[in-house]
1. Among 54-66, 31-43, 4-16, how do they line up from the highest to the lowest mean number of other beta-carbon atoms within 10 Å?
2. When 1/r is averaged over all different Cα pairs and the result inverted, which Kirkwood radius in Å belongs to region 1-50?
3. Would you mind computing, in nm to one decimal, how far apart the modelled labels at Arg30 and Arg8 are, each placed 7 Å from Cα along Cα→Cβ?
4. Please compute the modelled spin-label separation between His44 and Lys67, points set 7 Å along Cα→Cβ, answer in nm with one decimal.
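Nothing in this text is a laboratory measurement; each read-out follows from the coordinates by a stated rule. What you see is a predicted model; the values in this text were computed from it and never measured. A quick note on method: Cβ atoms are made from the backbone with ideal geometry, for glycine too, and the neighbour counts reach across all protein chains shown.
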Amino acid sequence: MLHSLHTRAGKGELITAKKILKDVPEAVGRSVSLDYVYRLLNRHGWRTIGPRPRRLKADPEIQEGFKKNSTARRRSSRSPTL
């Protein structure tokens, strides 16, 4: 079972514990919890961290402009230290 998951992940599929939860009972022959799946993945060296989600309609140029303008505004609003 883990070999098929490794193959799917190698093709670029995002593998989550919830996706695996429906396949594990068939492999082990009994009902299992989500915690069981997380421990199984951890035992075999799989990371439980995924990429940070991004909005599909996000515009990188607008985001960069916001970063530049918001930093300048924050610095100028600080009161001087005595």
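1. Working: 54-66: 8.5, 31-43: 13.6, 4-16: 10.9.
Those peptides, ordered most packed to least, come out 31-43, 4-16, 54-66.
2. Working: mean 1/r = 0.0898 Å⁻¹.
Hydrodynamic radius (Kirkwood, Cα only) of region 1-50 equals 11.1 Å.
3. Spacing of the two 7 Å Cα→Cβ label points: 2.4 nm.
4. 3.7
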